[in-house]
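All remarks here apply to the structure that follows.
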Amino acid sequence: SDAILVEFLHELESNPSAAQRAVEDYGFVFAATCQQSQGKAITRRKTKAPGMHGSAMDYDTVIIDEAARSSPRDLLIPMSQGRKRIILVGDHRQLPHMIDEEIARTLEEQGSRSDERAAATEASHIRHSMFQYLLTRLKQLHARDGITRWVTLDQQFRMHQILGDFVSDSFYRVHDPAEAFGSPLPAESFVHGLPGIEEVPAIWIDVPARAGKEEYVGTSRRRAAEAREIAKWLERWIDSPTGRRLTFGVISFYKAQGTDVFQALAVPGYTSRGPDDKWRIAEEYELRPAEENLPPEERLRIGTVDSFQGMEFDVVFLSMVRSQARVPDPSTDPAERAEQERKFYGHLTSPNRLCVSMSRQKRLLVVVGDKAMVEHELAREAVPGLVAFLNLCKTRGAVLAAGG
């Protein structure tokens with residue numbers, strides 16, 4: 001037996017490519033993106049596997065991860081390959097597939113002139129994922145035949161229990177009590193120990209309108225006062241004894257604000273602009289320090305909500321950007337009120353965007369923005385998630401003034 005093991009080891013060391021080919025030839029699990037599930041590489045591997053004949057690209061079971069983010073056309077490619085069962089894994093309360101908002105609005109306007117009901121249906125199909133449509137359809141089938149064809153996770157282990165309850169209540173239970181989830185891990189598992197603040201999981205840093213207004217940058221927006229405040233707190237925390245062991249994310253709803261944060265963090269040396277004129281994290285802050293003997297996780301990330309889906313960080317800053325010295329009273333006309341909400345709160349009115357941005361943290365979520373915007377009567381329907389978080393900070397977290 002020793003001779004066999006020696007020969008096997010020699011073969012692995014002297015001919016590693018043959019070992020790789022053997023694993024590929026006898027593989028019964030294949031992985032690819034939706035579009036590449038019919039690609040040349042996976043077709044070649046699958047038709048070579050034992051028991052696979054011809055070029056039939058089907059499987060007993062097809063599992064599609066992040067299915068809620070795939071467009072219907074992309075999703076249909078792997079779904080058409082499922083012979084016995086198709087398992088879709090995703091979250092319809094988070095970001096759906098990307099759409100061109102201008103095209104979507106044009107279709108809505110054209111449709112509303114001819115058939116208002118048809119226009120509303122078409123808009124729903126454009127903006128909602130196929131995953132959400134199928135989930136709704138399966139629940140309708142369940143009402144008819146009593147067969148359960150979906151499973152909803154009822155426990156989360158990512159974040160502090162106070163934050164977990166907030167996310168559950170604000171973005172899931174509010175739509176369907178059956179979607180609510182628990183947070184079983186104790187608070188001791190999520191201690192951050194950061195200097196200058198209490199040991200709380202929720203903080204609002206108030207940057208009032210008088211500190212600086214929001215500004216247009218093309219079609220995007222920025223608010224320099226918030227970027228400076230984030231840079232100040234990040235500089236205070238990231239190199240502290242406890243902060244060196246933690247990971248940090250800075251999320252904005254606007255690309256221009258992300259650029260402002262990059263610029264503000266260049267002063268203490270956390271970011272730099274490369275020869276290609278693109279901003280990047282300084283090498284020292286890309287991964288957690290090796291001397292901490294922790295897994296080499298990403299230490300600092302700055303970006304828009306879309307770039308954070310599926311990710312998690314110990315501490316997350318959320319830059320609100322929207323700030324106005326005066327917000328009008330809510331209109332009694334539903335259409336006018338909807339326009340007011342869009343005008344004064346913009347991307348913040350998207351519950352999917354808010355759900356993603358406020359569920360990336362493990363230990364601490366810090367919203368940086370003008371709390372007067374969230375305390376206004378118009379905010380109750382426009383941004384209920386932010387209203388709930390501000391109330392949480394007042395009762396079980398902390399509300400701090402900018403410059404503190």
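Tabulated data for the structure shown
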{"read-out": "Where GluC sites (Glu not before Pro) fall in DSSP loop in the stretch 370-403, at most 11 other Cβ within 10 Å", "value": "E377"}
{"read-out": "The stretch 342-383 residues near the modelled Q155 label - backbone nitrogen below 13 Å, point 7 Å along Cα→Cβ", "value": "none"}
{"read-out": "Cβ-based exposure ranking for T219, T242, T271, in which fewest neighbours within 10 Å come first", "value": "T219, T242, T271"}
{"read-out": "E11, E229, E214 arranged by Cβ crowding within 10 Å, fewest neighbours leading", "value": "E11, E214, E229"}
{"read-out": "Cβ crowding within 10 Å averaged over residues, with 360-369, 272-281, 298-307, 321-330 ranked highest first", "value": "360-369, 298-307, 321-330, 272-281"}
{"read-out": "Neighbour net charge for R380 - beta-carbon separation under 13 angstrom, K R +1, D E -1", "value": "-4"}
{"read-out": "Point-charge dipole on Cβ atoms (K/R +1, D/E -1) for the chain, about Cα centre, debye to 20", "value": "560 debye"}
{"read-out": "In Hz, Karplus ³J(HN,Hα) per residue of the stretch 277-288 (6.51, -1.76, 1.60; θ = phi - 60°; x = Gly, Pro)", "value": "6, 9, 7, 8, 6, 4, 3, 4, 10, 5, 10, 4"}
{"read-out": "Förster radius 35 Å - calculated FRET efficiency between R73 and R245 (Cβ-Cβ, nearest 0.05)", "value": "0.20"}
{"read-out": "Residues with amide H under 5 Å from that of I302, placed H, sequence gap 5 or more", "value": "V250"}
{"read-out": "CD proxy at 222 nm, helix term only [per DSSP H run n ≥ 4: -39500 (n - 2.57); per residue of the chain; nearest 500]", "value": "-11500 deg cm²/dmol"}
{"read-out": "Fewest-first sequence of L138, L265 by Cβ atoms within 10 Å of each Cβ", "value": "L138, L265"}
{"read-out": "Long-range HN-HN contacts of E214 with modeled amide H, under 5 Å", "value": "S323"}
{"read-out": "Amide H contacts of L400 (H built 1.01 Å from N, under 5 Å, at least 5 apart or other chain)", "value": "W204, I205, D206"}
{"read-out": "Read-out semi-axes √(5λ) of the Cα gyration tensor in Å, derived from the coordinates shown; its label in [x] 39, 26, 19; [y] 65, 22, 17; [z] 40, 32, 21", "value": "[z]"}
{"read-out": "Under Karplus coefficients 6.51, -1.76 and 1.60, residue-wise ³J(HN,Hα) of the stretch 178-189 in Hz, glycine/proline x", "value": "5, 8, 5, 9, x, 9, x, 6, x, 4, 4, 6"}
{"read-out": "Förster radius 22 Å - calculated FRET efficiency between A178 and N391 (Cβ-Cβ, nearest 0.05)", "value": "0.35"}
{"read-out": "Whole-Hz ³J(HN,Hα) from phi, Karplus 6.51 cos²θ - 1.76 cosθ + 1.60, for the stretch 294-302, glycine and proline x", "value": "10, x, x, 7, 4, 8, 9, 9, 10"}
{"read-out": "The stretch 161-401 - charge dipole about Cα centre, Lys and Arg +1 at Cβ, Asp and Glu -1, debye rounded to 20", "value": "440 debye"}
{"read-out": "Across K46/K255; K255/K362; K40/K278, pairs whose alpha-carbon gap is larger than 32 Å", "value": "K46/K255; K40/K278"}
{"read-out": "Formal net charge of residues neighbouring R337 (Cβ-Cβ distance under 13 Å; K, R +1; D, E -1)", "value": "-4"}
{"read-out": "Ordering of 192-202, 162-172 by burial proxy (mean other Cβ atoms within 10 Å per residue, highest first)", "value": "162-172, 192-202"}
{"read-out": "Where labels lie 7 Å past Cα in the beta-carbon direction, separation of D60 and A372 in nm", "value": "6.5 nm"}
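A short reminder: the numbers here are calculations on the coordinates, not readings from a lab. Computed from a predicted structure; not experimentally measured. Reconstructed Cβ throughout: ideal geometry from the backbone, glycine too, with neighbour counts over all protein chains shown.
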